[in-house]
Each structure stands twice: as C-alpha cells, then as structure tokens.
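These notes concern the structure reproduced below.
Just so you know, all these numbers are worked out from the coordinates, no wet-lab data involved. This structure is a prediction, so every number in the text was calculated from the model and none was measured. Heads up, the Cβs are rebuilt from the backbone with ideal geometry, glycines too, and the neighbour counts pull from every protein chain shown.
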Amino acid sequence: MKPPQQNNRDPKSTQKASRKYSRLIRYGVSAFFILLGIGILGFVALRVGYFTAGRNSTVDKPVTDVLNMADQHKIKTVSISGNEILATGTNGQKYRAFKEDGQTVTDIFRHDGVSVTIDSGQSDQLSQALIDLVLIVLVVGSIYFIMRRSGIGGHAAPFARSKARRFNESRPSILFNDVAGVEEAKMELEEIVDFLKQPSRFTEMGARIPKGVLLVGAPGTGKTLISRAVAGEAGVPFFSVSGSEFVEMFVGVGAARVRDLFKEAKEHAPCIVFIDEIDAVGRQRNNGNAGGNDEREQTLNQLLVEMDGFDRQTNVVVIAATNRPDVLDSALLRPGRFDRQVMLDKPDIRGRLAILEVHAKGKPIESDIALHELARQTAGFSGADLANLLNEAALLAARRSKSLISMPELEESILRVMAGPERKSRVITEAEKSIIAYHEVGHAIVMRSMPGTDPVRKVQAIARGMALGITVQSPAEDRYLMRRSELLAKMAGAMGGRAAEELIFGDITTGASQDFEYVTNIARRMVCEFGMSPLGNVALKVEPDGSTSIGPETAAKIDREVSFLVEQAYTTAINILRERKDKLIAISEHLIQVETIDGTELDAMLFAA
Ligand code: ADP
Ligand code: MG
Ligand code: ZN
C-alpha cells in the first residue's frame, strides 16, 4: 500500500500539494455530477421523444388510406424512413403509416405527383448510436469514479484533509433518551453535556473540564451512540474519525490529519471530537523498537500534542472509544488526557428491556409480555444485538405477511442474531446463569460475613468485561495498611465463588481461575513480603528477572505455606456458606431473575430475619 517515494517527502509539501489536489478533485467532482445530471436528463428526454414532440399532432393511418389520399391528391410530401411513412397533407396535417417489409410505395407516391424523400435511416441510427455512446461513457465514468473514491485501482489521493464527518451541527438528532440501560454512563457524561452547553459557567469558576473521556465497552454496547447523544443533548457539532483510518495512511499524513481535525474542531467549538477504535493508534508503543518513525506513533504523538495544547478556553471535548483498554499506551491515560473512563457494560435484564423498548417504538409488537420474555431470553446480548434482533423479527413478520410481530418471530430472530456473521455475543444459557449467580452470591455472602471487609456495592450475574459475573466491593476509605485478618477475609471472600459452586452443584467449573490467582497472590505476598507466616519476618523476594536468593528448601516451604493459606481461606468460605445456605439459595434465585442487585438489597435479604 505504501508507495516508496512517499517516504522521502517532506510532510508539509505533501500536505500543501494534497490540499491543492483535493480542491481540484472537489471541483472536478461537482462538475462531474452536474454533467452527469444534464446527461441523464438529456438522455431521458431523447428516449421519450421530447425533441420529436412535433410528431404528436401526427395522425396514424393504415398505409392504404395514405395511398388513397395520395391518389386523391390530398398529399403534398412524404418522407420514408425504413417502413415508416410520414406524410404531409395539402392542408398541412401530418399522417403516419407503416408499410410492410419489401412493399414498395415510392413509385406509387411519385406516380401520384407526391414529392418523396427517402430517409435512409442513417441519421436516426447515428443519433441512436450517439445516445448509446453517451450512456456508455456515463456508466463507465461513474464506475471509474466510484472505484477511485473507494481506492480500488489507481492511487488514492493522499488526502491530508481530515475526512471527519460532521453530524448534527445545528439540530441534534440523538438524545440520551435514545440510549437505554446505561444509566451510570449517562450520569457520568451529564457533566460534559452541561459544560458544552454553557462553557463560560465553568471557565469563569476556573474549573478544569476533562479534555478526554475514554468509553470502554464491548462492541455494540452503544459507545458511538452515547457519544453522539452527548453532542445531541448539548446541541454541538460532532466530529468523528476512526483510529483505524489513520493507520492505513501514508507516512506523515496521519499526523497532518489529526492536526487538521483539531484545527477544524477548534473553529467550531464548543464541540465534540469522537475517535472510534482509539486502540488502533493508541496501542502501547513497543520500547524495544528503535524505529519510532512509524505512522501510528506519529499520529499518536500528534494527538497527545493537540490535547496538551488545549487551554481553558478550548471548549473541545475528545471522546474516544475502545474495547481494549488494556492495550492502550499509558501516555494516553495520563491526567489532562483521557483521564476519565466510562464503562459501558453489557445490559442486564432491566437494561435489555429498556433497549428493546427503545427499538420497539414504531414496530407493532403483539404484547408487552413479549418484550419482557425477550429480555429474559437474551442474557449476554449487547444493545446492537438487541436492535438487530427486533429488526430481524420485523423482517420475518413482514415476509410472513403478519400484521404484528409475535413470539415465534422474536424467538427465531434470537437464533438468527446468534448465528449471524456479525455475531458478537452469545446468549448465556439458563444453566450457566444459575451457576454464575450462585458463584457471585457466594462471593458476596462470604464478603459480608467476614469482619472488617469493605461493603459490597453490586452483584451481577451478567458478562462484564471478560468475567461472566461480578461482585463489586467498594472500599469505605483509602487504605495504606492492611491487617492480617483483613487479608484473610479478602482471601475467604474470593474463595466464596468456588465454595458456592461446590456446595450447591457438587461440581465445579472453570469460572474461578481469576479468584485463585488473586488469592494465591495475596498468600504468597503474606509469606514472602509481609512476614505473615510461620516462616517468620523475612523478605523472600524473587526479582522480576527471576533471580533470587531463595534456596530450593525454602522455596518448598513457601509453597507449602501458600497452599495452607489458600486452603484455609476455602474452608472459611465454605463453612460460612454452609451456615447460610438458605440465604445463598434465596438470594441467588433472586439474582437469576433480576441479574443485578445492589448492596442495600443484598444486605436487606442477607440480614432479614
Ligand atoms: P459500539 O460503538 O459500542 O460498538 P454502537 O453505538 O455503534 O456500539 O451501537 C450500535 C447500535 O446498537 C446503535 O446504533 C443502536 O441502534 C444499538 N444500541 C447499542 N447500545 C444501545 C443502547 N444502550 N440503547 C439503545 N440502542 C443501543
Ligand atoms: Mg462504534
Ligand atoms: Zn469469582
């Protein structure tokens, strides 16, 4: 893709040249479309015989009638073109007749004193050929033009100009109401909306408004949608560009495009710059590589330069989206850059119902019950999957000539979306959901039963990030020191998931591997760093490069102590759950129904008499 000569070019001159080029192209494009329009109009007019409208007053007659009239000297002239005879009467009236193939009429007319002109038909054929030629040129031209635009064949013009599309500059179309089931994200973005609406109110207070917001979420969770809704709510222009576009470009052009994008954005401030798939440019820079001249890196540097260049008066908010926050370069996440992160989770059952309701608007659905039922059956679906699902169902119903979309169509569409080429998520089966729910509630109950642990904020039995479920604990205050008892409590809480599986199902799943990693890590640090084991108050560290002063005997002792601590944590967890098995069952079954419960609800159920 990269023509070698582009590499030596000074980016500035490339930019200038391409500016001129792009202006030329733009004029060419307009001219082309105007010509295309005229050509098509002309062609249509010719085809419907607009230019031969004079014939409209012509009267059709059988050929014998015309011959009879000629015999009666009522015909002045005829013009014969192929089998078509156009006659002009002495009174000026025009007649048209068609003779048979091979029938000779010329002599008869001449005999009757009519002046005859033979039209060999060549001029007609010629004009027909011309019309067809014009048509062919138009079609070929359009195909060539489309191909150039999409970069097939020929060199794509090295556009330095940002292709950022601008949406709803004056009348915002998408609002927060169109985005459902992500209330937390909306709340976090509300502040950005307020700022964009009335920047002066914030700047007068000397407040520093976040320049960058990073939206993190799986594909189809509504990152693009909610960004546009922020612009819509604030009524500001929305500039959007995708990170992957930068990577495809010639050297030096990506950075130039970033510059242009921000220049234009500043001219239209307050506004939003949306960078989709930022991981494509913002990937961790590999330190080992001395090159450093790579297109992606230059683009990333330019982006950082632009964001650092914002001052208090720059009312531009950059929103970036990614589903891979883990690969992002840490430079992007520094204060003053994308220091705000907003998570967009896969929706829980309430969220799914809300999203389905948004997209069911204007679609005739048999009953509300259908939507509830649908929300129940689609655990694991993203917002995009749900929108897709309703669309499929509407198509199916239409094909079946039904007036309402009903359950059979909806259920069939679930399968279609899952099997589709764009399949991004899968449905979590009822059996899986049940295991996930018991696992998470197991964590939550053990955490709440151990003294001195942080309160549980949320328990969820729905995919979030990589994990299938989650139990969120929020520390009551910042902690710098941890007591031994607290560490033990944390370990027991982390073991609660596996313990619940074992206790309820008598079988265990792969779902606890992260828990084990977490517990083992704490245990090892207790032994090796914190002096919290019978091995005593010694530092038994292994350096990052693997070197250590620990002998094999000590290493074996460490392993024994670590596994003792881990097993102890497990025993604590399972004992707590055995004691509260009825609560475990009641809360888990409730969680299966609602998919999310918050800390207050958990406590109410757990500590109820
Ligand atoms: P992402 O950018 O996260 O991949 P999009 O914003 O492009 O996802 O979402 C694709 C489509 O899915 C949206 O245009 C919308 O129709 C639907 N969608 C996704 N999330 C939601 C939501 N929370 N509420 C309503 N519709 C949604
Ligand atoms: Mg998107
Ligand atoms: Zn777990």
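Points to keep in mind about this one:
- Taking the Cα centre of the stretch 326-372 as origin and assigning +1 to Lys and Arg Cβ atoms and -1 to Asp and Glu Cβ atoms, the resulting dipole is close to 160 debye.
- Charge dipole (debye, nearest 20) of the stretch 349-419; +1 at Cβ of Lys and Arg, -1 at Cβ of Asp and Glu: 120 debye
- Charged neighbours of His73, selected by a Cβ distance under 15 Å, balance to 0 (K, R count +1; D, E count -1).
- Considering only alpha-carbon pairs that sit under 8 angstrom and 6 or more positions apart, the relative contact order computed for the stretch 349-419 is 37 percent.
- For Ser81, residues with placed amide H under 5 Å, excluding near neighbours: Leu86, Asp119
- The ranking of Thr520, Thr77, Thr117 by Cβ neighbour count inside 10 Å, starting from the fewest, reads Thr117, Thr77, Thr520.
- Leu415 paired with Val134, simple spin-label distance in nm, labels 7 Å along Cα-to-beta-carbon: 5.5 nm
- Fewest-first sequence of Asp545, Asp326, Asp348, Asp194 by Cβ atoms within 10 Å of each Cβ: Asp545, Asp326, Asp194, Asp348
- The mean sequence distance of close C-alpha pairs (under 8 Å, at least 6 residues apart), as a share of the length of the stretch 165-344, puts its relative contact order at 34 percent.
- Between Gln341 and Leu214, the built amide H atoms are under 5 Å apart, and every one of these is 5 or more places off in sequence or on another chain.
- Between the amide H of Ala379 and those of Ile428, distances stay under 5 Å, these residues lying 5 or more places away or on another chain, with hydrogens modeled in the peptide plane.
- Structural descriptor for the stretch 309-429: relative contact order 24 percent, calculated from alpha carbon pairs under 8 angstrom and at least 6 residues apart.
- Legend: distances between Cα atoms for Lys211/Lys433; Lys490/Lys541; Lys186/Lys263; Lys211/Lys346; Lys197/Lys346; pairs beyond 32 Å are Lys211/Lys433.
- With θ taken as phi - 60° and the Karplus curve 6.51 cos²θ - 1.76 cosθ + 1.60 applied, the whole-hertz 3J(HN,Hα) list for the stretch 186-203 is 4, 4, 5, 8, 3, 5, 5, 4, 4, 5, 5, 5, 9, x, 4, 4, 7, 5 Hz, x standing for glycine and proline.
- Cleavage-rule hits (trypsin sites (Lys or Arg not before Pro)) in the stretch 523-571: DSSP loop, at most 16 neighbouring Cβ within 10 angstrom: Lys541
- Contour excess over end-to-end distance, with Cα ends at Glu188 and Gln103 and 0.36 nm allotted per residue: 21.8 nm
- Added length on full extension, which subtracts the Cα-Cα distance from 0.36 nm per residue, Phe564 to Ala586: 4.7 nm
- Karplus (6.51, -1.76, 1.60) ³J(HN,Hα), θ = phi - 60°, over the stretch 594-603, in Hz, Gly and Pro reported as x: 9, 6, 9, 10, 9, x, 5, 5, 4, 4
- Cβ-based exposure ranking for Lys361, Lys266, Lys402, Lys490, in which fewest neighbours within 10 Å come first: Lys361, Lys402, Lys266, Lys490
- Note on Ile369 and Glu357: their simple-model spin labels are 1.9 nm apart, each label 7 Å out from Cα toward Cβ.
- Rounded to 5, percent antiparallel among DSSP beta bridges of the stretch 165-344: 15 percent
- Vicinal HN-Hα couplings computed from phi for the stretch 562-570 (Karplus, 6.51 cos²θ - 1.76 cosθ + 1.60; Hz; Gly/Pro x): 4, 5, 4, 4, 5, 5, 4, 4, 5
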